[in-house]
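The values are calculated or read from the model by the stated rules, or taken from the named source; none is laboratory data. All values reported here derive from a predicted model rather than from experimental measurement. Positions of Cβ are generated from backbone atoms using ideal geometry, with glycine treated the same way; all protein chains shown enter the neighbour counts. For the accessible areas, the whole protein counts, side chains as well, though only heavy atoms, and no ligand, DNA or RNA atoms are used. Shrake-Rupley method; radii C 1.70, N 1.55, O 1.52, S 1.80 Å.
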Number of protein chains: 2
Amino acid sequence: MPARILIIGAGRSSSALIQYALNKSSELGWNVTVADADPSAAANKVKDHPRGNPVWLDVMKTNDRRELIGRADIVVSLLPAHLHLEVAQDCIRLKKHLVTASYVSHELYRLGDEARNRELIFMGEMGLDPGIDHMSAMQRINEIREKGGKIKAFRSFTGGLIAPESNDNPWGYKFTWNPRNVVLAGQGTAQYLNNDKLKFIPYQRLFKTTWDVHMEGIGDFEAYANRDSLLYREQYGLDDIPTILRGTLRYPGFAAAWAALVRIGLTNGDFPILDSEKITYHELMEAFAPAGPGSVKDRIAQMLGVDPNGDVMARLVWLGLFRKKKIKIPNATPALILERLLLDRWKLNPQDKDLIVMQHQVDYKLDGKLYRDISNLTMKGNDAEDTAMSRLVGLPMGIFVRLISQNKISSTGVHIPTMREVYEPVLEEMAEYGLAFTHKTVPLE
Amino acid sequence: MPARILIIGAGRSSSALIQYALNKSSELGWNVTVADADPSAAANKVKDHPRGNPVWLDVMKTNDRRELIGRADIVVSLLPAHLHLEVAQDCIRLKKHLVTASYVSHELYRLGDEARNRELIFMGEMGLDPGIDHMSAMQRINEIREKGGKIKAFRSFTGGLIAPESNDNPWGYKFTWNPRNVVLAGQGTAQYLNNDKLKFIPYQRLFKTTWDVHMEGIGDFEAYANRDSLLYREQYGLDDIPTILRGTLRYPGFAAAWAALVRIGLTNGDFPILDSEKITYHELMEAFAPAGPGSVKDRIAQMLGVDPNGDVMARLVWLGLFRKKKIKIPNATPALILERLLLDRWKLNPQDKDLIVMQHQVDYKLDGKLYRDISNLTMKGNDAEDTAMSRLVGLPMGIFVRLISQNKISSTGVHIPTMREVYEPVLEEMAEYGLAFTHKTVPLE
């Protein structure tokens with residue numbers, strides 16, 4: 001079935017998706033429109049592909065947006081999460097399928113009946129995390145169930161990091177996706193379930209509560225809890241599971257240093273700093289430091305309860321927080337100052353390779369014995385343009401668009417990719433793009 | 001000049017103000033309308049006073065509100081702070097004076113020119129803290145300036161506490177004003193100035209950063225920083241002062257225990273607890289506690305880094321946080337659960353006396369020597385109805401209404417009570433109601 005595909009958003013994570021759609025366009029009879037508020041961004045990705053069509057779109061202009069959506073069959077929204085709802089409402093009205101990589105909000109779930117009544121599929125969480133994590137987890141969970149295993153615990157960890165050969169900073173981290181999300185991500189309370197006990201972690205303790213995760217042949221990581229793990233009990237069909245936890249992976253030491261930024265107050269976005277354009281980073285740190293004798297750095301270390309010459313302080317110093325250099329951003333909140341600083345310090349160099357790591361741990365009982373099934377995924381990017389992040393976020397959406405356009409999806413309504421008719425073909429095709437999990441089962445106890 | 005006074009809000013802090021207005025009504029020719037969303041609240045305060053008129057008002061109903069305001073000359077708003085702006089806009093449109101005890105917002109200040117053009121006075125921060133603190137501070141500051149002193153530091157601390165004879169709980173605290181404000185107060189970042197250095201304290205450290213305040217003949221207190229002290233440099237005419245700090249007073253030990261509630265996550269209002277109506281307080285604490293061996297109480301103590309049998313834990317236990325009693329509030333956030341619990345545990349008994357304490361420390365240089373001028377205020381209430389809080393919040397507004405109605409105020413625009421024409425007569429009349437500061441000057445160094 002020929003199809004008109006509309007991709008809204010041509011930013012950082014769109015490259016692999018747009019490339020996939022253009023590559024498949026002849027074979028599948030697709031016309032691919034790429035819309036962005038920055039006309040050159042869309043043009044740069046589409047280039048002069050005969051089946052590609054870059055257009056300018058201010059997504060807040062309702063009429064322009066609706067006109068574009070009206071001329072498509074399948075819409076992929078790469079917009080910031082809070083803008084999906086308006087696109088989704090247009091898709092209901094104009095009877096178009098919708099695909100996104102963002103978390104599905106309560107508001108979006110509420111459109112489920114309307115989508116179903118119009119025989120539409122709205123697929124959210126169709127990227128990497130959330131996305132490939134759901135699909136690969138469901139595959140493992142269903143395999144274990146089919147051999148008669150009773151699942152006792154599910155833990156899943158994902159990280160978008162920097163490959164060891166490109167890791168030239170003490171944080172082991174550079175930006176491979178939206179920087180603002182890194183600074184402000186999950187300032188709410190995380191929740192998970194441990195041995196049938198509900199667990200809450202408020203943001204002020206999130207980076208103090210970490211799990212060690214070892215990946216054989218790759219290395220050691222640390223994980224902190226990712227949002228609301230409880231939502232996935234029902235989604236994964238694990239309603240009576242006693243332990244469920246989703247976490248985010250970082251190289252060891254990241255969390256303790258980030259906890260220091262939180263405790264100092266640098267992640268607060270609630271008020272602009274007085275005279276922020278005039279003061280230096282050093283003066284900013286002085287403002288957050290307790291009064292007393294000693295250098296600002298020593299007083300910050302003392303307040304944090306860490307060694308002034310230890311790893312946490314080394315990371316803060318490396319960021320340039322104690323430099324006598326002017327901040328030069330007028331009317332800025334601490335969070336904005338931190339974001340701009342990190343944008344500079346955690347910038348991906350053109351030749352840098354990123355690294356995606358994922359681990360699922362599924363504990364299950366079979367014939368009276370307890371086992372742990374461990375699946376590991378790693379993927380490296382080629383450089384700052386062709387990142388593993390862009391591939392693993394974008395390709396699942398592209399493949400899912402193919403499945404819709406080939407009438408291979410029977411589900412309708414608002415979903416995340418936990419159905420077999422979705423995860424099997426998507427993971428199968430992803431293998432062609434290098435997606436490979438290693439599996440291992442170890443006895444527990 | 002006879003005047004029609006409209007008091008909007010007949011809640012907890014309105015008693016002394018309404019009583020003052022009714023008592024003065026014959027002498028001054030006032031008619032006093034008291035409006036509230038709860039018709040019995042207004043009627044109970046006005047009783048059958050011949051010059052009093054209780055009315056029912058849903059303040060969100062614009063037409064009803066405007067009609068009432070249109071029939072008044074002077075409006076006193078005791079509404080929650082976020083509702084003042086609409087009343088203020090009505091007062092601009094209908095040419096009425098306005099008095100409130102709340103902090104003046106940026107939005108309210110922006111009405112200054114319009115108020116001035118209409119020869120109206122909008123007086124905010126006309127209660128106790130803010131209010132009497134501003135007036136008494138300005139009086140001291142101006143006295144010191146007039147004798148030639150150069151002011152080097154200003155620190156001001158206020159607390160609404162419970163009198164020692166009614167203090168029967170380990171927190172030394174009961175509710176004498178809006179409970180929600182106590183739980184959610186100042187979740188932003190506090191700022192002050194110390195030796196010409198700007199200082200920030202984010203909420204997550206606010207209760208860990210305290211100052212000892214001794215009041216001669218009364219006792220020892222601890223203070224934590226109150227919002228943005230810097231705003232008052234200009235307001236007090238202290239633009240070049242190197243040190244300025246406003247703080248909130250509590251009995252010693254309160255801040256460390258409140259810091260524990262913050263760290264646990266109980267002041268977070270961002271998400272509702274799963275099944276909050278079904279779980280117990282003990283299960284709630286289990287959800288916030290780290291996993292591991294030992295009782296929930298021991299694990300919470302360990303996480304907080306405090307003695308499991310020490311003062312902090314004793315305060316948490318006394319609140320009932322470890323009881324196996326159901327919470328029974330559906331869809332509640334931790335902050336709401338805490339607020340309801342505190343409402344019960346920190347309830348003022350009918351015979352309880354409250355205690356207001358205030359201390360200003362003004363450091364100044366005179367003839368080459370450095371001095372500290374210390375002013376102390378204390379006032380006790382009679383019982384849970386006739387509180388010192390209600391008097392000290394309400395009477396300044398009542399007296400200021402008198403000054404307006406007697407044409408004794410020449411200022412127009414949006415103000416806080418730092419002008420001599422305001423603070424002198426208000427403090428003078430307040431003395432009749434028992435307001436008395438003690439003063440002492442000590443040499444420094």
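With unit charges on the beta carbons (Lys and Arg positive, Asp and Glu negative) and the dipole taken about the Cα centre of chain A, which residue among A:L316, A:L366, A:G29 sits farthest to the positive side? Of the listed residues, the answer is A:L316. Heavy-atom accessible area, probed at 1.4 angstrom with all protein chains present, ranks B:H134, B:H106, A:H415 as B:H106, A:H415, B:H134, highest first.
Placing A:R420, B:R233, B:R12 in order of accessible area, with the largest value first and a 1.4 Å probe, yields B:R12, A:R420, B:R233. Rolled with a 1.4 Å probe across the full set of protein chains, the surface gives B:D298 an accessible area near 70 Å². Multiplying the residue separation of B:A436 and B:S410 by 0.36 nm and removing their Cα-Cα distance gives an extension gain of 6.7 nm.
Summing Cβ point charges (Lys, Arg +1; Asp, Glu -1) relative to the Cα centre of the protein assembly as shown gives a dipole of roughly 180 debye.
Taking only the C-alpha atoms of region A:215-343, Rg followed by Dmax gives 18.6, 58 Å. For B:W318, the point set 7 Å out from Cα toward Cβ sits 4.7 nm from its twins in the other copies, listed from shortest up. For the protein assembly as shown, the Stokes-Einstein estimate of translational diffusion at 10 °C and a viscosity of 1.306 mPa s comes to 51 µm²/s, using the Kirkwood hydrodynamic radius over alpha-carbon pairs. Ligands, DNA and RNA are left out, and with a 1.4 angstrom probe the accessible area of region B:3-124 is 46 Å² per residue. The mean sequence distance of close C-alpha pairs (under 8 Å, at least 6 residues apart), as a share of the length of chain A, puts its relative contact order at 20 percent. Give me the percent of the accessible area of region A:241-320 that comes from carbon and sulfur atoms, probe 1.4 Å, all protein chains in place. The value for region A:241-320 is 55 percent carbon and sulfur by accessible area. Measuring max minus min along each principal axis, the C-alpha atoms of chain A give extents of 73, 61, 40 Å (largest first). Each principal axis of region B:321-445 carries a Cα extent, and these read 65, 48, 32 Å when sorted largest first. On the accessible surface of region B:3-124, probed at 1.4 Å, how many percent belong to carbon and sulfur atoms? Using a 1.4 Å probe with all protein chains present, region B:3-124 comes out at 47 percent carbon and sulfur. Other residues lying with their Cβ under 12 Å from the Cβ of A:T33 contribute a combined charge of +1, Lys and Arg counting +1, Asp and Glu -1. In chain A, taking the dipole from charged Cβ atoms about the Cα centre, the farthest positive-side position among A:V104, A:G434, A:P334 is held by A:P334. Label-to-label distance, B:Y103 versus A:R118, with points set 7 angstrom from Cα along the beta-carbon direction: 4.5 nm.
Computed about its Cα centre, the charge dipole of region A:3-124 is approximately 200 debye, with only Lys, Arg, Asp and Glu carrying charge at their Cβ.
Note on B:K208: accessible area is roughly 120 Å² with a 1.4 Å probe, heavy atoms of protein only.
Over every Cα atom in region B:3-124, the radius of gyration and the widest Cα-Cα span, Dmax, amount to 13.6, 40 Å. So what's the net charge close to A:S411: Lys and Arg +1, Asp and Glu -1, counting the other residues with Cβ under 11 Å from its Cβ? Combined, the nearby Lys, Arg, Asp and Glu give +1. Accessible area buried by the pairing of B and A, both sides summed with a 1.4 Å probe, works out to roughly 2800 Å².
Counting only DSSP H runs of at least 4 residues, each contributing -39500 (n - 2.57), and dividing by the residue count of chain B, the helix-based mean residue ellipticity at 222 nm comes to -10500 deg cm²/dmol.
Give the residues of region A:313-329 whose amide nitrogen is closer than 19 Å to a point set 7 Å from the Cα of A:E277 in the direction of its Cβ. Those under the cut-off are A:325-329. Using Cβ point charges alone (K and R +1, D and E -1), the dipole size of chain B about the Cα centre works out to roughly 480 debye.
Here the chain B residue lying nearest the rotation axis onto A, judged by its C-beta and given with the distance in whole angstrom, is B:Q204, 2.
Here is the P(r) of region A:46-112: all C-alpha pair distances, binned every 10 Å from 0, give 18, 52, 25, 4 in whole percents. Between the amide H of B:L120 and those of B:G413, distances stay under 5 Å, these residues lying 5 or more places away or on another chain, with hydrogens modeled in the peptide plane. Using alpha carbons only, how many angstrom separate the centre of region B:325-346 from the centre of region A:37-70? What the calculation gives is 51 Å, centre to centre.
Projection of the Cα convex hull of region A:179-259, averaged over all directions and equal to a quarter of that hull's surface, yields 6.1 nm².
Residues of region A:194-212 that bury at least 40 Å² of accessible area once all protein chains are present, compared with their chain alone (1.4 Å probe, heavy atoms only, ligands and nucleic acids left out), are A:L198, A:K199, A:F200, A:Q204, A:R205. Listed values for region B:241-247 are Karplus-derived 3J(HN,Hα) couplings in whole Hz (6.51 cos²θ - 1.76 cosθ + 1.60, θ = phi - 60°), namely 6, x, 9, 9, 8, 10, x, and x replaces Gly and Pro. Each other copy places its own label point for A:E67 at 4.8 nm from this one, sorted shortest first, where the point lies 7 Å along the Cα-to-beta carbon line. When you restrict to C-alpha pairs under 8 Å that are six or more residues apart and normalise by the size of region B:70-200, the relative contact order lands at 15 percent. Largest mean-square fluctuation among A:V317, A:V59, A:V401, in a Gaussian network model of chain A whose springs join Cα atoms under 10 Å apart, belongs to A:V317. With 30 Å² as the minimum drop in accessible area between chain alone and full protein complex (1.4 Å probe), the qualifying residues in region A:255-297 are A:R263, A:N268, A:D270, A:F271, A:L274, A:E286, A:A287, A:F288, A:A291. To put it simply, the accessible area of region B:372-445 at a 1.4 Å probe is 47 percent carbon and sulfur.
Tally Lys and Arg at +1 and Asp and Glu at -1 over the other residues with C-beta under 13 Å from the C-beta of A:W258: what net charge comes out? Once positives and negatives cancel, what remains is +3. So if R0 is 22 Å, what FRET efficiency would B:D383 and B:R345 give, r being the distance between their Cβ atoms, rounded to the nearest 0.05? For B:D383 and B:R345, the calculated efficiency is 0.65.
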